[in-house]
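Everything on this sheet refers to the single structure shown next.
No lab work stands behind these numbers, since they all come straight from the coordinates. All figures in this text were calculated on a predicted structure; none of them were measured in a lab. All Cβ positions, even for glycine, are placed from backbone atoms using ideal geometry, and neighbour counts span all protein chains on display.
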Amino acid sequence: MPGISMSLGNMFCSRCGDGFEPHEKIVNSNGELWHPQCFVCAQCFRAFPEGIFYEFEGRKYCEHDFHVLFAPCCGKCGEFVIGRVIKAMNSNWHPRCFRCEMCDKELADLGFIRNQGRALCHECNAKAKAVGLGKYVCHKCHGLIDDKPLRFRGEVYHGYHFNCTACGVELNSEAREVRCRPGFAANEMNELYCLRCHDKMGIPICGACRRPIEERVVTALGKHWHVEHFVCAKCEKPFLGHRHYEKKGLAYCETHYHQLFGNLCFVCNQVIAGDVFTALNKAWCVHHFACSVCDQKMNQKTKFYECDLKPVCKKCYDKFPNELRRRLRKAHEQTPKKASV
Amino acid sequence: MNQAPVSCIPNSKMSRPKKVIDEAKEIQNPELDLADKGIASFEEMPGLFNMLNITRLTLSHNKIQVVPPGLANLVNLEILNLFNNQIEELPTSLSSMPKLRILNVGMNRLGVLPRGFGTFPMLEVLDLTYNNLDESTLPGNFFMMETLRALYLGDNDFEFLPAEVGQLKNLQILVLRENDLVELPKEVGDLSRLRELHIQGNRLTVLPPEIGNLDLVSSKSVLKMENNPWVTPIADQLQVGVSHVMDYIRTETYRYVYNRHVSADRPPPPKTNDKSKKISRARQQS
């Protein structure tokens, strides 16, 4: 650009210090003058493409060399950062590249908090702290789960990310995960149902804990049970496939059933293992049923008498003194006939 | 009156006690049946006290008068049956038999029991039916037998039952038929496992309301209470059934009736049971 108002005599090139010939071209940049051949990049000595240069510490550089020599690279995208540079976390960033590692919000104007080597916004930092306090983070949105988490295929979620497989209603933590193929261990096949639909699907509910039964089902007393929840009403030990005894809507183990309901042998006082002989408000092992007077074994066909609700064989009864037999006979006639022996 | 039914049976049909014992020894039979063998003394059974293996000894319908203390040598004995003999006393040693579970001394002539009788470690069933026992002759520790599940005291002479009966917490059967009982102790109501109570043929007028604690009307329970001079409201309920009696004695109305009856302190009804013909009295008669 030719100087007009200045006299050539006191004009000198800013680079080489020489004067200018009368018709020589002069480059003027912010009041400094150059020979055109002197107005070049301080690094590559070539003219500035399209006249664009960058100045740094009194020297001018072409765009390329300036970037190479001085411009910062973005810690995220690796590109040069032109314009506003965010210096943070020991690196340089484009403002649009420096974001919260949890929620992806731009942090340039919001400020950030360093959390275990991550830059987080204030909200996410609070959430991350909450996780440390034992709360769940949704596997889908990574947000904190304030309510109860919905467990699905081994992860935890906000219920509202899912809809019921059957009716499509938005789910909450009450939703039930259903094994598509019962007994199939892998859970990739599992599906979610709302409580209403789940209950209509006929999946057995344990009569004790009221939760669905997905493993082995015990059916007894008109209800379904988890194997480990089907227990003796007295000792509360699970039957685990052992025989149980039912009485008035409750189940008992062998020992407690007999202890409570009297199927202990009157003679040996043990649980009657085989057939039970029942008479006179008592029970006997078949081989222990005997005359209470002479201890002779009796069977179903043996005729016997009753004295104080103990069995007495005919032979022994006939040996009773007459006065006692008279009294027994009288008492027997008095008792209502339904109690006949 | 001479009561000796055994003598009527021809001797040829009876094997002698010694023969039975020898056979049992030979085949190692742990159960010894010696009922109705006309045995008058343990001396007729030589070697018996050395048969340590036997678990049951049945000697009913004999004429034994004395039980020697040596019987307690049979440490494996679980069942001892001496029904219908002429025993007047039992040896103290019996109570120390370690495995004895069932003792039947019914229909004898027992007027007393030995001191310390209640120390049986395992006794479950005790039959003292048809003897001459009453509350004054029971030893002090009689009701310490915690393992007892059945106690037969029918056909004896009790007028009162000691309150200590409430200590028999495993008792399921209590028979007091045809004694002279004037009242029942309220502690009977503590016998929570009781499912048979026989109190028929006594002189009872009221039941302690505590009896209402017991379950005596379920399908597995028996309450026999006929032939007592019950107060009118109980007698009326008994007409309809024992379950009505049980319901009634649980009411406030009955509690009032009972308290009034007890405080009135009327003389007990007279004895009505004629026991003169009982064979347990035979000795006194002869």
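Some points to look at:
- Using the rule -39500 (n - 2.57) for each DSSP H run of four or more residues, divided by the residues of the protein assembly as shown, the 222 nm mean residue ellipticity is -4500 deg cm²/dmol.
- Between B:Ser136 and B:Gln65, the modelled labels are 2.5 nm apart [label points 7 Å from Cα along Cα→Cβ].
- Scattering profile of the protein assembly as shown at q = 0.06, 0.08 Å⁻¹ [log10 I(q)/I(0), Debye over alpha-carbon scatterers]: -0.58, -0.78
- Using 0.36 nm per residue and subtracting the Cα-Cα separation, the extra length available between B:Thr272 and B:Lys186 on full extension is 28.6 nm.
- Projected area, mean over directions - chain A, Cα convex hull, nm²: 34.7 nm²
- Relative contact order for chain B, counting Cα pairs under 8 Å that sit 6 or more residues apart, in percent: 10 percent
- For A:Ile26, the residues whose modelled amide H falls within less than 5 Å of its own, excluding neighbours fewer than 5 places apart on the same chain, are A:Gly3.
- Over 22 Å between alpha carbons, listed pairs B:Lys63/B:Lys277; B:Lys169/B:Lys220; B:Lys220/B:Lys278; A:Lys330/B:Lys224; A:Lys60/A:Lys87: B:Lys220/B:Lys278; A:Lys60/A:Lys87
- Helix B:17-26 and the long axis of chain B differ in direction by around 80°, with both axes built from C-alpha atoms.
- Average other protein chain Cβ within 10 Å of Cβ, residues B:197-206: 1
- Nearest-ten-degree value, helix B:252-264 long axis tilted from longest Cα axis of chain B: 80 degrees
- Surrounding net charge for A:Ala71, when Lys and Arg each add one and Asp and Glu each subtract one, Cβ distance under 12 Å: -3
- Put in order of Cβ neighbour count within 10 Å, fewest first, the listed residues A:Thr165, B:Thr58, A:Thr335, B:Thr232 become B:Thr232, A:Thr335, A:Thr165, B:Thr58.
- Local electrostatic count, A:Ile26, Cβ distance below 13 Å [Lys/Arg +1, Asp/Glu -1]: -2
- Exposure proxy order (Cβ contacts within 10 Å, fewest to most) of A:Ile52, A:Ile113: A:Ile52, A:Ile113
- Exercise: per-residue mean of other protein chain Cβ atoms within 10 Å, B:80-86: 3
- Other residues whose C-beta falls under 9 angstrom from the C-beta of A:Gly159 contribute a net charge of -2, scoring Lys and Arg +1 and Asp and Glu -1.
- The distance between label points at A:Asp109 and A:Met11 comes to 4.6 nm (points 7 Å beyond Cα on the Cα→Cβ vector).
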